[in-house]
1. Does at least one position in the stretch A:184-191 carry a residue that is of a type in the set (Asp, Glu), touching a residue at least 60 places away in the same chain (Cβ under 8 Å), more than 8 Å from chain B (Cβ to nearest Cβ) and under 21 Å from B:GLY179 (Cβ atoms)?
2. Just a yes or no: is a residue in the stretch B:80-89 in a helix (DSSP H, G or I) and without any contact (Cβ under 8 Å) to a residue 12 or more places away in the chain?
3. Of all residues in the stretch A:143-163, count the ones that are over 13 Å from the mean Cα position of the chain (by Cα), more than 14 Å from every other protein chain (Cβ to nearest Cβ) and part of a loop (DSSP other than H, G, I, E, B).
4. Look at B:LEU93 and say whether it is buried (at least 20 other Cβ atoms within 10 Å of the Cβ), part of a loop (DSSP other than H, G, I, E, B) and in contact with a Lys or Arg (Cβ under 9 Å, 6 or more places away or on another chain).
5. Before we move on, is B:THR235 within 7 Å of another protein chain (Cβ to nearest Cβ), out of contact with any strand residue (DSSP E or B) (no Cβ under 8 Å at 6 or more places or on another chain) and either under 15 Å from B:ILE173 (Cβ atoms) or touching a residue at least 12 places away in the same chain (Cβ under 8 Å) (or both)?
6. Among A:PHE203, A:PHE221, which is crowded, with 22+ Cβ neighbours inside 10 Å, within 25 Å of B:PRO37 (Cα to Cα), out of contact with any Cys (no Cβ under 8 Å at 6 or more places or on another chain) and without any contact (Cβ under 8 Å) to a residue 24 or more places away in the chain?
7. Against the conditions (1) within 24 Å of B:ALA164 (Cβ to Cβ); (2) touching a strand residue (DSSP E or B) at 6+ places or on another chain (Cβ under 7 Å); (3) within 14 Å of chain A (Cβ to nearest Cβ), where does B:GLY252 fall short? Just the number, please.
Protein chains: 2
Amino acid sequence: MIIDSHAHVILPQERQLEMMKQAGVDRTILFATTIHPETAQNLDEFAVELKNLYDILNGRNNPVQARIDSSIELAQTVKSDPEKYVGFGPIPLGLSYEENLEWISQYILANHFKGIGELAPGTGQVGKLEPLFRASHEAGDLPLWVHAFFPLSFADIRELLGLAQAYPTIPLIVGHLGGINWLDTLKAVRDLPQVYLDLSATFTTMAPSFAIQEYPERTLFSSDAPYASPLAARTVLEQIVPDKQVLQEVLGGNIARLLNI
Amino acid sequence: MIIDSHAHVILPQERQLEMMKQAGVDRTILFATTIHPETAQNLDEFAVELKNLYDILNGRNNPVQARIDSSIELAQTVKSDPEKYVGFGPIPLGLSYEENLEWISQYILANHFKGIGELAPGTGQVGKLEPLFRASHEAGDLPLWVHAFFPLSFADIRELLGLAQAYPTIPLIVGHLGGINWLDTLKAVRDLPQVYLDLSATFTTMAPSFAIQEYPERTLFSSDAPYASPLAARTVLEQIVPDKQVLQEVLGGNIARLLNI
């Protein structure tokens, strides 16, 4: 089974299903979105959407109501085709332990989401995730998916891996392979078997090549659609992974085992 | 004709030719390299090569002798198959106007290279390129190819485009589409028709999509091999460019016209 382990809700939904079909993707782990860059018709419209995204990534905006709305959109989408979709639900950054537990109960577990993300702490804000790690453990070790490209530095990523070390039963998915810090990230996760590596948004094919060579059981194919097409992302992996068995695991087996789907 | 507009010398040479053949690339604009990451067998060996590269990109190392040696390696490679290769020659950063002129005469023109690059000023160092712009103009407006991904900020890229504006007869190729600053870069080159956009190392397919939509005559397919495979880079463009005529220009027509090859 081919599983795109990270894509956002795309509008209209027919387009998402068409992209999955084109790439031969059987299932998608679907994430909410508070913006819809795929609806932009030109550069100016796209710039507006992207500014909103960067305001969230940089911690200038932490929209609680928008996350509730996008949770509803996600839950409806997953419900519309449960054979195709598995949901990961969003959560605002900086909640207390009790608030995290309440949110998880109300918006994650009640919606049958299998994990939490995309979490996007800004530079120097990774510590804000600590109460969430605790709450996730309390709620049954829900997997956490953290954006680890720009604006995170390697110091931020190291802090994140410190949390992973402190909560070894919680699966942590490091988004985008650590971005420009992919090499240091690969070295740092050696002894953290609960840490998985998301292969989207890599700017050099050397990054996924080495990642898969070192961690064939912990690397996860994903498109990060709409930011890249599932077909393009799958094609790159098919070109760089010579071993068919390993390719099968990266393209779906690893995430299926992790989420028990 | 399909032209990979930016790749580095790969060892052994058979591998480079094999990658070109696999991707259906007819010609490659070939650049020198002072490191050979493709020879690394494991993560540690690769880390050593990459550290050397980052020392150059960050301006901690500006190896003159290594650039002379890599110029010779490049010239020999181009000479070995002039139907397949066109060379762009390296130059150390920070030479005076006269030193630039002398280097251009001795290592660029004498080797029949068609342009200069990859130039990699560090953060805050773009001003060091000014004497080179002057010398390139004096030498007949040789195209300049500048690395514009990390560690360049958008302030650096803006300064670079200021030089382009001051020397409008010199073709400037902005490498990697400006990296994480691709959107601001796209907006900033609107009135600079001599500025071309290199499409390698993009981490989201939205970047080349919008770049080609806005500037179909100024966007250039490239692999940046060995950092990505020509086939992977070509496949992405074929998936995102619906217009066959535009695709042909991006895959080869634009760079052929620019270099008159």
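The values are calculated or read from the model by the stated rules, or taken from the named source; none is laboratory data. Remember, it's a predicted structure, so these values are computed and weren't measured experimentally. Because the Cβ atoms are built from the backbone with ideal geometry, glycine has one as well, and the counts that use them run over all protein chains shown.
1. To start, the set of residues in the stretch A:184-191 that are of a type in the set (Asp, Glu) comprises A:184, A:191.
Subsequent filtering for residues that are touching a residue at least 60 places away in the same chain (Cβ under 8 Å) retains none.
Scanning the stretch A:184-191 turns up no residue that is of a type in the set (Asp, Glu), touching a residue at least 60 places away in the same chain (Cβ under 8 Å), more than 8 Å from chain B (Cβ to nearest Cβ) and under 21 Å from B:GLY179 (Cβ atoms).
2. Restricting attention to the stretch B:80-89, the residues satisfying the condition of being in a helix (DSSP H, G or I) are B:80.
Then keep just the ones that are without any contact (Cβ under 8 Å) to a residue 12 or more places away in the chain; that gives none.
Taking every residue of the stretch B:80-89 in turn, none turns out to be in a helix (DSSP H, G or I) and without any contact (Cβ under 8 Å) to a residue 12 or more places away in the chain.
3. Step one: filter the stretch A:143-163 for residues over 13 Å from the mean Cα position of the chain (by Cα), giving A:150-163.
Those still in the list that are more than 14 Å from every other protein chain (Cβ to nearest Cβ) too: A:155-163.
Narrowing the set further to residues that are part of a loop (DSSP other than H, G, I, E, B) leaves none.
Selection size over the stretch A:143-163: 0.
4. Working: buried (at least 20 other Cβ atoms within 10 Å of the Cβ): no; part of a loop (DSSP other than H, G, I, E, B): yes; in contact with a Lys or Arg (Cβ under 9 Å, 6 or more places away or on another chain): yes.
Answer is no for this residue.
5. Values: within 7 Å of another protein chain (Cβ to nearest Cβ): yes; out of contact with any strand residue (DSSP E or B) (no Cβ under 8 Å at 6 or more places or on another chain): yes; either under 15 Å from B:ILE173 (Cβ atoms) or touching a residue at least 12 places away in the same chain (Cβ under 8 Å) (or both): no.
So B:THR235 does not fit the description; no.
6. Working: A:PHE221 fails: without any contact (Cβ under 8 Å) to a residue 24 or more places away in the chain.
The conditions single out A:PHE203.
7. (3)
The rows are residues; the columns are (1) more than 19 Å from B:THR202 (Cα to Cα); (2) buried (at least 18 other Cβ atoms within 10 Å of the Cβ).
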residue: A:SER105; (1), (2): yes, no
residue: A:PHE149; (1), (2): no, yes
residue: A:LEU161; (1), (2): yes, yes
residue: A:ILE170; (1), (2): yes, yes
residue: A:GLY178; (1), (2): no, yes
residue: A:ARG190; (1), (2): yes, no
residue: A:PRO193; (1), (2): yes, no
